[in-house]
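Participant: The structure under discussion is supplied below as structure tokens; questions concerning it will follow.
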Amino acid sequence: MRTIYVDNNATTAIAPEVLEVMQPYFTSEYFNPSSMYTAAQSTAAAIRQARETIANCLNAGAPEQLLFTGSATESNNSALFGTVQANSQRHHVITTAVEHPSVLEVCKELQRRGLEVDFLPVNRQGELEMRDYVKALRRDTLLVTIMLANNETGVCYPVAELVRIAKETDPQIIFHTDATQAIGKLPVDLQGDLRHVDLLSFSGHKLHAPKGVGALFVRRGTRWQPFILGGHQERGLRAGTENVPYIVGLAKACELAVAGVDEEQTRVRQLRDRLQSALYECIPALEVNGSEAQRLPNTLNLAIHGIEGEAILFELSRYGICASSGSACTSGSLDPSHVLKAMAVPFTAIHGSLRISLSRYNDEQDVKRIIEVLPEIVANLRKLSPYWDDQRNCLKV
Ligand code: PMP
């Protein structure tokens, strides 16, 4: 049976081109980039080149503003803790209720350490209300951390505008954005509309590079301190022997993701929209979480009233279809998604959420198969559901 992988917001397949450029750094070019002998120079040069490539992909300016990390989780931790450590005179942080746990949990920890944190609510579409944001900004705000795009719903946040407003309130406010789901799906231009963003995090495994490598952009002049201490790697800003093959892979993946991004994302958006309209037609009481908001082109988060997301996943996997309910980070627990809760998705749908997230490796055939299989799975599960009136084919009231 062919596997249909539509869980690309959880992780992605490594691109063959990425694997190919990584290979020599596992075998012949294994040297520690800090070693003094000539043979090691090629590994140091590979890191230099990778940094330049990524800086170009993000139009970041000086490549030294990019630090390689082990994940977006590390980048987010480093961005937030590093900012707080470097700015002990300010104590107010703004974030949203729908950030990834690697931001939310750090913010909760900052609260425990005595900082004041505003977790801004979102509306039913998952959007931030601008008036809540403006009201929350203060002259003594230290840090704003708001993601470019949400991993569960794909809802995008107007970061360029949010930074502009923050800097107008006080140019000293430091702005961080988690761009993990955005790179390769949205244009990211650090000298264009995002030129006032101070810190930006992302990860390799959402864009066809391996898991376990990420990056943090720290704009020159930002009041930020290193968070991982130890050796002098990354000019003392992130200690630890560099993961050369993964760094090389990350650069190649960024290059591939950014090349032809508009064309590819148009193709993916068409696939997603076709899937969405077909499912609307075939499945009664179906909602698309965030459908009215600006969304990533690849993401479809369905609220299927009356049944459990886990049951749908199990049935889909019998057809070789790999999707997800909520996010991979919360699916290890039975807690309903904090993102859908923040969006006030009704109880009868919050447990029946199904996330389908496409990538450049998905095609028409994949979408066709999901359209063939999913409506029947839903109909069968609803027959067993205590919340579903099978006679009238609607939710029980
Ligand atoms: N932020 C967002 C928006 C994410 O989607 C993820 C991964 N689910 C992360 C951060 C964490 O990335 P990593 O797995 O590289 O730590």
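The values are calculated or read from the model by the stated rules, or taken from the named source; none is laboratory data. None of these values were measured; they are calculated from a predicted model. Neighbour counts are summed over all protein chains in view; Cβ atoms, including those assigned to glycine, are modelled from backbone coordinates with ideal geometry. For accessibility, only protein heavy atoms count, side chains too; no ligands or nucleic acids. Shrake-Rupley method; radii C 1.70, N 1.55, O 1.52, S 1.80 Å.
Participant: Taking 0.36 nm per residue of separation and subtracting the Cα-Cα distance, what length does fully extending residue 39 through residue 259 add?
Facilitator: Result: 76.0 nm gained on full extension.
Participant: With the dipole of the chain worked out from charges on the C-beta (+1 for Lys and Arg, -1 for Asp and Glu) around the Cα centre, which of 374, 16, 201 lies farthest toward the positive end?
Facilitator: Working it through, the farthest residue towards the positive pole turns out to be 201.
Participant: Under a 5 Å amide H to amide H cut-off, with H placed in plane at 1.01 Å, what residues pair with residue 395 once short-range neighbours are removed?
Facilitator: Answer set, sorted by chain and number: 389.
Participant: Could you state the accessible area per residue of segment 49-166 in Å², with a 1.4 Å probe and every protein chain left in place?
Facilitator: Computed with neighbouring chains in place, this is 35 Å² per residue.
Participant: Give me the percent of DSSP beta bridges within the chain that run antiparallel, rounded to the nearest 5.
Facilitator: Restricted to the chain, the bridges split so that about 55 percent are antiparallel.
Participant: Apply the Karplus curve 6.51 cos²θ - 1.76 cosθ + 1.60, θ = phi - 60°, to the phi angles in segment 314-320 and return the couplings in whole Hz, x for Gly and Pro.
Facilitator: Once θ is set to phi - 60°, the couplings for segment 314-320 become 4, 5, 4, 5, 5, 9, x Hz.
Participant: Taking all protein chains in place and a 1.4 Å probe, what share, in percent, of the accessible surface of segment 16-259 do carbon and sulfur account for?
Facilitator: Carbon and sulfur together cover 52 percent of it.
Participant: Please list, or write none, the lysines whose alpha carbon is within less than 23 Å of the alpha carbon of residue 368, excluding same-chain residues fewer than 8 places away.
Facilitator: 185
Participant: For segment 127-253, calculate the relative contact order in percent as a whole number, restricting contacts to Cα pairs under 8 Å that are 6 or more residues apart.
Facilitator: RCO, segment 127-253: 17 percent.
Participant: Considering the options 214, 225, 151, tell which one lies farthest towards the positive end of the dipole of segment 16-259, charges being +1 on Lys and Arg and -1 on Asp and Glu at the Cβ, about the Cα centre.
Facilitator: It is 225.
Participant: In whole angstrom, how far apart do the alpha carbon centroids of segment 116-158 and segment 233-267 sit?
Facilitator: If you average the Cα positions of each part, the centres end up 27 Å apart.
Participant: Just 243, 298, 151 to compare: in a GNM of the chain, with alpha carbon springs under 10 Å, which one fluctuates most?
Facilitator: 243
Participant: Still on this structure: Please list the non-local residues whose amide H lies under 5 Å from the amide H of residue 91, H modeled 1.01 Å from N, same-chain partners needing a gap of 5 or more.
Facilitator: For residue 91, the qualifying residues are 142.
Participant: Separate question: Rounded to the nearest 20 Debye, what is the dipole magnitude of segment 16-259 about its Cα centre when Lys and Arg each give +1 and Asp and Glu each give -1 at the C-beta?
Facilitator: 440 debye
Participant: Looking at 67, 183, 42, which one has the Cα that reaches farthest to the positive end of the dipole of segment 16-259 (charges on Cβ: Lys, Arg +1; Asp, Glu -1)?
Facilitator: So the residue we want is 67.
Participant: Once you charge only the Cβ atoms, +1 for Lys and Arg and -1 for Asp and Glu, what is the size of the charge dipole of segment 117-159 about its Cα centre, to the nearest 20 debye?
Facilitator: My answer is approximately 160 debye.
Participant: Something else now. Please state the relative contact order of the chain as a whole percent: Cα pairs under 8 Å, 6+ residues apart?
Facilitator: 23 percent
Participant: Pick from 217, 81, 347: which is most flexible by mean-square fluctuation in a GNM of the chain where alpha carbon atoms under 10 Å apart are linked?
Facilitator: 347
Participant: Where does helix 41-57 land angle-wise versus the long Cα axis of the chain, in degrees 0 to 90, nearest 10?
Facilitator: Between helix and principal axis, roughly 50 degrees.
Participant: How far is the Cα center of segment 162-231 from the Cα center of segment 343-397, in Å?
Facilitator: 35 Å
Participant: Name the residues whose placed amide hydrogens come within less than 5 Å of the amide hydrogen of residue 69, ignoring near sequence neighbours (fewer than 5 apart) on the same chain.
Facilitator: Those lying under 5 Å, H to H, from residue 69 are 214, 215, 216.
Participant: Which three numbers, in whole Å and largest first, are the semi-axes of the equivalent ellipsoid of segment 165-244 derived from its Cα gyration tensor as √(5λ)?
Facilitator: Equivalent-ellipsoid dimensions as semi-axes: 24, 20, 9 Å.
Participant: Let me ask another. Through the Karplus equation 6.51 cos²θ - 1.76 cosθ + 1.60, θ set to phi - 60°, convert the phi angles of segment 129-135 into ³J(HN,Hα) values in whole Hz; use x for Gly and Pro.
Facilitator: For segment 129-135, the Karplus-derived couplings read 8, 4, 5, 5, 5, 4, 5 Hz, x marking Gly and Pro.
Participant: Any idea what the dipole of segment 253-397 comes to, in debye rounded to 20, about its Cα centre with Lys/Arg Cβ at +1 and Asp/Glu Cβ at -1?
Facilitator: 260 debye
Participant: Would you look at the GNM of the chain, springs on alpha carbons closer than 10 Å, and say which of 46, 285, 349 moves the most?
Facilitator: In this elastic network of the chain, the residue with the biggest mean-square fluctuation among 46, 285, 349 is 285.
Participant: Mind checking which lysines have their C-alpha under 23 Å from residue 108, skipping anything on the same chain fewer than 8 residues away?
Facilitator: Output for residue 108: 135, 341.
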